[in-house]
Structure formats: C-alpha cells, structure tokens
Amino acid sequence: MRFGIFGGPAEEGPEPPGAGYRRFIDLSLEAEELGYDGVYVVEHHFGRRGQLSASLAFLAHLAALTSRIRLGTAVIVLPWHNPVLVAEQAATVDVLSGGRLDLGVGRGYQFPEFQGFQIPIEEAGARADEAMELIRKAWSSDGSISHHGRYWDFEQIYIEPRPLQSPHPPLWQGAGSPDSIRRVAREGYRLFLDQIGSFELTAERAAIYREEQRAAGLPASRDDIAVTRGLLVAASEGEREAAAARGERTVRRLAELAAEGAPPELRATRPFYSEPEAARRTTEESAILGTPAECIERLRRLEASGIDRVLFSNPRPEDMRLFASEGMPEFRAAAAPA
C-alpha cells in the first residue's frame, strides 16, 4: 500500500498570519522524509479559518522544497475557476515539480462558498463538466483551440506550458453515490473516496468503480482509487479513548462545515454526523484508529477491498511518525516503486 497526507493549512486559535501554512509545509516535508508518497491539498474560501484558497500556488511552493513526493489537489472546485487558467497553472506545477502533479477536481458542496462567488450551486455540475472538457481539450491539442460553451467562450487560444506528464497529469475526482462513482469510472478519472464511509461501504464503492471500468472496457490499476482516512494512533491501549475522541471532534467539524448555509430541505436529506453518538460510531467504523497493530488490521481491510492508496487527513506529526515506524514497514515490502 501507499500512504499520503491530505488536508491543508488551518488556524489553531489566535496565532500570527501564515502559521498554519508553515505548520502544514513542515508536515509535508517531514512526510517526504518518512517515506509517504503524496501530499493532497484542499481548496476552501470565506471560512475565516486560515484555510487554503490557492492550492496550485501552494503546490508550486512545495515543488521547490521537495524532490520525490507527489503533489495533488483534492480538489480544485472547478465551478469557481476560469478553466483556461486552471489548465495553465496546473501544467506549470507539473513542469516545476518534474512531473509530480495529480490533478483532483470537483464540483463543490459548501453553500457559503457558492454564495460568496455568486454562483448558483445548482449549476455546479454543468460548470464543472464544461470546465473539464475545456481542460482536456487544452492539454490534448498540439495547436490553438476554440471553445464555445454555455459558460465559456474562447477563440483560437494557445495554452502553455504543456504538462510534463504525458498525455497529462493523472485526473482524480471525488464521488460517493453509485451513479456518480460509475460516471467517474466511465470518464476515465481516478477515484477519491471520503474519510467517513464505513469499511463496508468503502468496499462496495470500490467494487462499483471496478465494475464500471470493466463494463466500459477501460484499463484498471490498483492506483486508481484513493481513500481518505483519519489517522488516530494510540501508543498503547490506554490511549485509545483519547485518540477516538480526536476523531469524533473531526467528524463533527466536517458535519458543521457541510451543513453551514444549506437550505433546510437539503439539511434534512443529508447525513450530517453532528450528534456525538453518530460521530463516535462513524469514527469507529471508518478511521485508522487504535494501537499500531489495530491500525494495521484496519488497513488490511481496505487492502482486501482492492484499495492500495490511503491518504491520512491532517494527521498529527506524532501519529504520522509512529505509523511510519511501526505501521508502514508492514506494507512496504511488497509495494511497487512510486
């Protein structure tokens, strides 16, 4: 299996501007030293929490500080961006990093962000689809391109630079429902799965993705699926309760972010894990939680589902180190080169 980190800067109480960025940069650099395979960063706006809003600029900075680890977006929310600029900036990061970019894209889900950009959330899917059509066209053409769509019009423009990876960086998209997973597979994307789906649900989702790949006659690789998980390592059984409590707080925070600004009718139909009991159950059913031996057993369950790539969500440095020393070697012996 391969392991990476997922997340981005965030403020922790009153602190100087940029402290969260410095902390996540240090985490990323240490992850490379410890043998982790990738850093995948989020995009958020208007939250007043010091969150990462310029993911490609951030990855360009990391490209200059690292030499091996892959650098990914998880995800760029396409409805908010000019797709030509995304194509150019993503290709620039791929060139500067020596071909280490993974481009994850998505449609977005947080209502305050769409309200801030004055973009109807109902248009998210159509805008993202058109943006991705244009990005693919830009990267596959040897000359200038034109595009006349519902949201974007360009006439005879030339996109540069071209990505270093051929034909382009790996393309990822997040999905959860069966229909959306099938669509991701049919269109040739790699699949991001979330951090709160149970082990059983994650296995079902992976199977749907593989089934649709086969039906579409597309090549499949175990690298095609990455799942995000909380990493909550307890040095001893006595510390497991504190580790589980950290996971519960994270799940409740995710629920608050997802619910913020949502109309009542949508809040009622979405599984928001804001109640303590539900948050604790979700943590127990999904996180990489417990002693190193228990964490290894939980990862084996994902491995048995055909998942070979796990991204740990904003791990504590001490958890990342402990897993690298006591967990990662159990999986590295049979791992293919990155």
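The values are calculated or read from the model by the stated rules, or taken from the named source; none is laboratory data. Remember, it's a predicted structure, so these values are computed and weren't measured experimentally. Cβ: placed from backbone, ideal geometry, glycine included. Neighbour counts: every protein chain shown. Just the protein is used for accessible areas: all its heavy atoms, side chains included, with ligands, DNA and RNA removed. Shrake-Rupley method; radii C 1.70, N 1.55, O 1.52, S 1.80 Å.
Here are the numbers:
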item	result
Value of relative contact order over the chain, rounded to a whole percent, pairs C-alpha under 8 Å and six or more apart	18
Simple label model, 7 Å out from Cα along Cβ direction - Glu33 to Ser166, nm	3.7
Among 203-214, 129-140, the order from most to least packed when residues are scored by Cβ within 10 Å on average	129-140, 203-214
Helix-derived mean residue ellipticity, 222 nm - over the chain, DSSP H n ≥ 4, -39500 (n - 2.57), to 500	-14000 deg cm²/dmol
Whole-angstrom gap from region 194-230 to region 106-170, using each part's C-alpha centre	25
From phi via Karplus (6.51, -1.76, 1.60), per-residue ³J(HN,Hα) for region 94-99 in Hz, x at Gly/Pro	4, 5, 5, 8, x, x
Separation in nanometres of the label points that stand 7 Å from Cα toward Cβ, at Glu200 and Tyr158	5.8
Long-range tail of P(r) for the chain (Cα pairs > 30 Å, %)	34
Computed FRET value (nearest 0.05) for Glu260 with Arg186, which takes r as the C-beta separation and R₀ as 25 Å	0.20
Accessible area per residue, Å², the chain with all protein chains present, probe 1.4 Å	45
For peptides 170-182, 223-235, sequence by mean Cβ density within 10 Å, most packed first	223-235, 170-182
For region 135-290: relative contact order, % (alpha-carbon pairs under 8 angstrom, 6 or more apart)	20
Accessible surface of region 150-219, 1.4 Å probe, proportion on carbon and sulfur as whole %	51
For Arg190, distant residues with modelled amide H under 5 Å away	Leu171, Trp172, Gln173
Point-charge dipole on Cβ atoms (K/R +1, D/E -1) for the chain, about Cα centre, debye to 20	280
Region 114-210 - percent relative contact order, Cα under 8 Å, separation 6 or more	17
For region 3-17, Karplus couplings with θ = phi - 60° (6.51, -1.76, 1.60), whole Hz, Gly/Pro x	10, x, 10, 9, x, x, x, 7, 6, 10, x, x, 7, x, x
Stretch gain in nm, segment Arg301-Glu239, where the contour uses 0.36 nm per residue and the Cα spacing is subtracted	20.1 nm
Gain in span if fully extended, Asp142 to Arg246, counting 0.36 nm per residue against the direct Cα distance	32.4 nm
Residue of Glu155, Glu294, Glu33 that the Gaussian network model of the chain assigns the largest fluctuation, springs spanning Cα pairs under 10 Å	Glu155
Selection from Val184, Gly72, Ala215, by position along the positive dipole direction of the chain (Cβ)	Ala215
³J(HN,Hα) computed for each position of region 129-142 - Karplus, 6.51 cos²θ - 1.76 cosθ + 1.60, integer Hz, glycine/proline x	4, 5, 4, 5, 4, 5, 5, 4, 4, 4, 7, 9, 8, 8
